[in-house]
Amino acid sequence: MNPVRIAPSLLAADFSRLKDEIQRVEAGGADWLHLDVMDGHFVPNLTIGPPVVEAVRKVTKLPLDCHLMIMEPEKYLGIFADAGADSLTFHAEAVAMDYARKWKERGWAMTLPCKTLFDEKRLGACLDAIRGKGKRAAVAVNPDTEAECAAELLPKLDMVLAMTVWPGFGGQKFIESVVPKVAKLRKMAPSIDIEVDGGLTPETVKAAGAAGANVIVAGTSTFRSPDPAAAISALRRGCEAR
Ligand code: DX5
Ligand code: ZN
């Protein structure tokens, strides 16, 4: 069984005191640090870029788990690797063929209905960019994208990220209906890491962990907690109850 990893999401930290905030979760037992990169195109929000990743790299020993919610990830993966990312996640929907337009019409809820919509060339370019830098490779899938879409990809990955909220913002409610997909992914790929991201609390983590998730991203429930160490332990216990 893959070890449980708790990855506080920096998005919920106080950005005026990033160093202190990071050191607080590091001392509190975090395993990884999750960094959410948003471009205002793949999602309706803008967050951090490579200079912030570089600065964060200098103040922590935690592995940096970079979640790129951006279009054209193949152009930027190498840059984030050079900035200090240890694990790089790009979205399956962002390397689908001719999707941006359709997705915007859907109100930012981008779904990949079947694997034939992958642009194989772009997918390959993304994986090559990550592997070329010797980093861990992961693909994220939005709540409505089926597990089957990622089937052929799984053997090439270290991790798959099942979004448990629509990407773009912290503090949203956990989407329960994603849990069966987590179980499906675990069955399809017994030995890779399965990450869940969005709305994870010591309560919601139980269902995700029982379904097979072992990497737990949590922003609000860690950084916004008065006692991040206790929150991280509670998340770990909830997941380990699997
Ligand atoms: C959402 C991000 C998440 C977010 C999670 O697009 O990918 O990582 O920060 O935040 P919480 O834990 O508050 O739902
Ligand atoms: Zn994230």
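If both residues of a DSSP beta bridge must be in the chain, then about 5% of such bridges are antiparallel.
Checking every one of the trypsin sites (Lys or Arg not before Pro) in segment 5-65 against DSSP loop status and a limit of 12 other Cβ atoms within 10 Å picks out 61. What does the charge add up to near residue 49, with Lys and Arg as +1, Asp and Glu as -1, over the other residues with Cβ less than 13 Å from its Cβ? Taking every other residue near residue 49 into account, the sum is -3.
Once the mean 1/r over all distinct Cα pairs of segment 157-242 is inverted, what Kirkwood radius in angstroms do you read off? List each step's numbers first, then the result.
Details: mean 1/r = 0.0786 Å⁻¹.
This gives a value of 12.7 Å.
Other residues lying with their Cβ under 9 Å from the Cβ of residue 162 contribute a combined charge of -1, Lys and Arg counting +1, Asp and Glu -1. Just checking the listed ones, 132, 84, 198: in the Gaussian network model of the chain with Cα springs under 10 Å, the one fluctuating most is 132.
Of the residues 122, 136, 224, the one that moves most in a GNM of the chain with alpha-carbon contacts below 10 Å is 224. Between residue 23 and residue 148, residue separation times 0.36 nm minus the direct Cα-Cα distance comes to 41.1 nm. Please find, in a Gaussian network model of the chain (springs between Cα atoms separated by less than 10 Å), the residue of 179, 59, 95 whose mean-square fluctuation is greatest. Of 179, 59, 95, the most mobile in the Gaussian network model is 59.
Phi angles of segment 4-14 translate, via the Karplus equation with coefficients 6.51, -1.76, 1.60 and θ = phi - 60°, into HN-Hα couplings of 6, 10, 9, 10, x, 9, 4, 3, 8, 7, 7 Hz per residue; Gly and Pro are given as x.
Subtracting the Cα-Cα distance of residue 156 and residue 120 from 0.36 nm times their residue separation leaves 11.6 nm of extension gain. Site-free segments of the chain were taken between GluC sites (Glu not before Pro) in DSSP loops having at most 15 other Cβ atoms within 10 Å, sites themselves excluded; the longest one is 1-145.
Distance between the C-alpha centres of segment 176-242 and segment 65-83: 24 Å, rounded to the whole angstrom.
Computed from backbone phi with θ = phi - 60° and the Karplus coefficients 6.51, -1.76 and 1.60, the 3J(HN,Hα) list for segment 54-68 is 4, 5, 5, 3, 6, 10, 8, 9, 4, x, 9, 9, 9, 9, 8 Hz; x is used for glycine and proline.
How do 1, 69, 188 line up, fewest other C-beta atoms within 10 Å first? Please report the intermediate quantities before stating the final value.
On the way: 1 9, 69 25, 188 16.
Fewest to most other Cβ atoms nearby, the residues stand as 1, 188, 69.
Compute the length gained on full extension between residue 227 and residue 82: take 0.36 nm times their separation in residues and subtract their Cα-Cα distance, giving the result in nm to one decimal. Write down the numbers at each step before the final one.
Details: separation 145, 0.36 × 145 = 52.20 nm, distance 3.30 nm.
Difference between extended and current length: 48.9 nm.
Bear in mind these aren't lab numbers, they're just calculated from the coordinates by the rules spelled out. Values in this document were obtained by computation on a predicted structure and should not be read as measured data. Note that we place each Cβ from the backbone using ideal geometry, even for glycine, and neighbour counts take in every protein chain shown.
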